[in-house]
Amino acid sequence: MRFQAVDEMSQFSFDDSVITELKAAAGGLEITFAGAVVRAGNSQNKRFQDMPCGEIVLKLEHVRIARLMKEGMKYYDADGTLQREIPDEDVPVPAQDAVLRRLSRGTVFTVVEDPVEHGYACEFGIDVPREEDEEEVDTFWLCLTFDRSTAMWDRYCAPEESV
């Protein structure tokens, strides 16, 4: 790919990006996004303004899933009275592969970087359409630690081209 940025996660915005592919390989994780934005402070962005880049591939090395959680929800009636609550649910290790496959059709709504002693950590908030009803979504939090990140993309594009 034409552009590469190493360990510059904070210099990208993945908000509202669609995950088009997510695959694990050799201790790493590779995520392909459509609609990411390269921030003005990125070492590869010579335009000094936030720029959409269309498709971007993010490779995380020596990655570990610290937590994979399905977010709960609360149901209220029209008067604001709590009717039912579904608690957050940690995804057990045996079920994580199936959930990761679901995440490959999700939309990122936020990425939060977390401080760690060694390496890097971040949490991806991802909405995934439900299989039985595409209008409904499940929200997952994918919390990762990793030693190195490499983001790669071929071109910048106009905002209307990025999605």
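Data table
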read-out	value
Translational D in µm²/s for segment 51-129 (Stokes-Einstein at 25 °C, 0.890 mPa s, Kirkwood Rh from C-alpha pairs)	159
Rg over Rh [alpha-carbon atoms, Kirkwood Rh] for the chain	1.01
Linear extension gain, D154 paired with T20, 0.36 nm per residue minus alpha-carbon span	46.6 nm
Projected area averaged over orientations for segment 29-68, convex hull of C-alpha atoms, nm²	3.8
Residue-normalised accessible area of the chain, expressed per residue, 1.4 Å probe, Å²	58
Cβ crowding within 10 Å averaged over residues, with 67-74, 105-112 ranked highest first	105-112, 67-74
Share of carbon and sulfur in the accessible heavy-atom surface of the chain [1.4 Å probe, %]	47
Where chymotrypsin sites (Phe, Trp or Tyr not before Pro) fall in DSSP loop in segment 46-97, at most 15 other Cβ within 10 Å	F48
C-alpha long axis of helix 93-103 to longest principal axis of the chain, angle in °	70
Sorted peptide list for 143-153, 82-92, criterion being average Cβ within 10 angstrom, highest first	143-153, 82-92
Rounded D (µm²/s) - segment 82-162, Kirkwood Rh over Cα pairs, Stokes-Einstein at 20 °C, 1.002 mPa s	139
Modelled FRET efficiency - R0 35 Å, S43 with K74, Cβ distances, 0.05 increments	0.25
By average C-beta atoms within 10 angstrom, highest first, the peptides 5-11, 132-138, 122-128, 30-36	30-36, 122-128, 5-11, 132-138
Relative contact order of the chain, pairs being alpha-carbon contacts under 8 Å that are 6 or more residues apart, as %	31
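The values are calculated or read from the model by the stated rules, or taken from the named source; none is laboratory data. All figures in this text were calculated on a predicted structure; none of them were measured in a lab. Every residue, glycine among them, receives a Cβ derived from its backbone with ideal geometry; neighbour counts consider all protein chains shown. In case anyone asks, the SASA skips ligands and DNA or RNA and just uses the protein heavy atoms, side chains included. Shrake-Rupley method; radii C 1.70, N 1.55, O 1.52, S 1.80 Å.
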